[in-house]
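Step one of this worksheet: look at the structure below.
The values are calculated or read from the model by the stated rules, or taken from the named source; none is laboratory data. Every value quoted in this text rests on a predicted model; they were computed, and no experiment measured them. Don't worry about glycine lacking a Cβ; one is built from the backbone with ideal geometry, like all the others, and counts go over all protein chains shown. Calculation scope for accessible area: heavy atoms of the full protein, side chains included, ligands and nucleic acids excluded. Shrake-Rupley method; radii C 1.70, N 1.55, O 1.52, S 1.80 Å.
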Amino acid sequence: MPTSREYARLRSRMVDEQLVERGVSESRLLDALRMMPRHQFVPDEHKPQSYDDKPLPIGDGQTISQPYIVGFMTETLRLKPHHRVLEIGTGSGYQTAILCHLADYVYSVERVARLAETAGARLGDLGYSNLDIHIGDGSQGLPDQAPFDRIMVTAAVPRLPQVLCAQLSEFGGQLILPIGSAPAQELMLITRATDRFTRRSLLGCRFVPLIGRYGFDSKTDSASFVS
Ligand code: SAM
């Protein structure tokens, strides 16, 4: 197993080669990625690959997203320190930790109780307290806590859930999410200005499915969605 010094070296190289070289440039985000111990979010058997350029299994058929995707999605949302954020798909909690670092408060929803509980404990151990993790179907958002300045969905939906658009702040609220079935998903950015919503296609991507009322059916095979 690598030592913490070796992990720090791998992390620094990950940021330089996988993020900065591909255009991620926001300094607060790069600082967060440089200090976040990604290996602590990964199961023991995959720790040596924690800083590789790929998603990794985290159990229950789910994955921790590729570092570049975390950087790209976060940078796209241009987070401000006063933002209230909704994240759907807590997974390991790594993306949640980055959001907590950059925003005022993060609500995160995870369908798999074991993942939500492990992520919550991990984030507590790392000293984050500006978050609230909910166990349940995030495809419906969290209407009681809306509006949100930013919403990030980290699993793919079959079509844009209007229920999430309605939970965006009317004053420039933004939602980033992957839409479509494997292998033809598209990462989309939705921006709200009062009752007007604009859509921008960002890039092709490959995420596990969001399972729920406004997501995919529970019989969907997650393994067929990721390489
Ligand atoms: N960003 C996470 C990380 O850094 O580890 C990875 C998220 S993983 C690609 C997608 C997550 O969405 C999985 O943990 C999965 O259980 C969760 N998920 C799937 N359907 C969901 C739903 N309806 N509500 C909430 N979470 C859901």
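The table below lists the values:
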{"item": "Principal-axis tilt of helix 67-76 within the chain, Cα atoms, nearest 10 degrees", "result": "40"}
{"item": "The chain: antiparallel DSSP beta bridges as a percent of all, rounded to 5", "result": "50"}
{"item": "Relative contact order (percent, whole number), the stretch 51-203, Cα cutoff 8 Å, 6+ residue spacing", "result": "17"}
{"item": "Mean projected area in nm² (Cα convex hull; one quarter of hull surface) for the chain", "result": "11.3"}
{"item": "Solvent accessible area, Å² - Glu186, 1.4 Å probe, full protein context", "result": "80"}
{"item": "Signed unit charges on C-beta, dipole axis of the chain, positive-most listed residue Ala32, Thr118, Thr198", "result": "Thr198"}
{"item": "Percent carbon-and-sulfur accessible area, the chain, ignoring ligands, DNA and RNA, probe 1.4 Å", "result": "48"}
{"item": "Trypsin sites (Lys or Arg not before Pro) restricted to the stretch 77-124 and DSSP loop, no more than 16 other C-beta within 10 Å", "result": "Arg78"}
{"item": "Karplus (6.51, -1.76, 1.60) ³J(HN,Hα), θ = phi - 60°, over the stretch 199-210, in Hz, Gly and Pro reported as x", "result": "10, 10, 7, 9, 6, x, 7, 9, 10, 5, x, 7"}
{"item": "For the stretch 146-162, Karplus couplings with θ = phi - 60° (6.51, -1.76, 1.60), whole Hz, Gly/Pro x", "result": "5, x, 10, 6, 9, 10, 10, 10, 10, 9, 7, 10, x, 8, 5, x, 4"}
{"item": "Per-residue ³J(HN,Hα) for the stretch 43-56, Karplus 6.51 cos²θ - 1.76 cosθ + 1.60, θ = phi - 60°, Hz, x for Gly and Pro", "result": "x, 3, 5, 10, 4, x, 9, 3, 10, 6, 7, 6, x, 9"}
{"item": "Nearest-20 debye value, the stretch 39-96 charge dipole, Cβ charges on Lys, Arg, Asp, Glu", "result": "360"}
{"item": "Per residue value of the accessible surface for the chain (all protein chains in place, 1.4 Å probe), Å²", "result": "45"}
{"item": "Length added when fully stretched, Leu203-Glu117, from 0.36 nm per residue minus Cα-Cα", "result": "27.8 nm"}
{"item": "Pair Val163, Thr3: separation of 7 Å Cα→Cβ label points (nm)", "result": "5.1"}
{"item": "Cleavage-rule hits (chymotrypsin sites (Phe, Trp or Tyr not before Pro)) in the stretch 120-188: DSSP loop, at most 16 neighbouring Cβ within 10 angstrom", "result": "none"}
{"item": "GluC sites (Glu not before Pro) within the stretch 94-177: DSSP coil, no more than 12 neighbouring Cβ in 10 Å", "result": "Glu170"}
{"item": "Amide hydrogen neighbours beyond the local backbone of Cys205, cut-off 5 Å, H modeled", "result": "Gln185, Glu186, Leu187"}
